[in-house]
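All remarks here apply to the structure that follows.
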Amino acid sequence: MEILSYLIPISLILGGLGLAGFFWMVKARQFDDPEGDANRILSDEFDDKPKS
């Protein structure tokens with residue numbers, strides 16, 4: 001049971017760091033790419049057909 005006194009704060013700190021990193025990435029607009037998805041669906045760059 002003594003190990004829980006170490007593991008719980010460590011897990012809370014690591015979870016807080018992950019959450020802070022996620023919010024930082026959202027604020028820095030890392031996940032915004034509305035034009036990329038629209039253009040990627042129309043692109044023939046990655047066709048399933050083999051080129052001969």
- Does segment 31-52 include one or more residues that are part of a helix (DSSP H, G or I) and at pLDDT 80 or above? no
_Taking the criterion of being modelled with pLDDT of 75 or more, under 16 Å from the mean Cα position of the chain (by Cα), outside any helix (DSSP H, G or I) and not basic (Lys, Arg), would at least one residue in segment 4-26 satisfy it?_
no
Across segment 1-30, the tally of residues that are surrounded by 10 or more Cβ atoms within 10 Å (Cβ to Cβ) and either among the hydroxyl-bearing types (Ser, Thr, Tyr) or touching a residue at least 12 places away in the same chain (Cβ under 8 Å) (or both) stands at 1
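The values are calculated or read from the model by the stated rules, or taken from the named source; none is laboratory data. Predicted model, so just to flag it, every value in this text is computed and none were measured. Every residue, glycine as well, gets a Cβ built from its backbone with ideal geometry; the counts of neighbours run over all protein chains shown.
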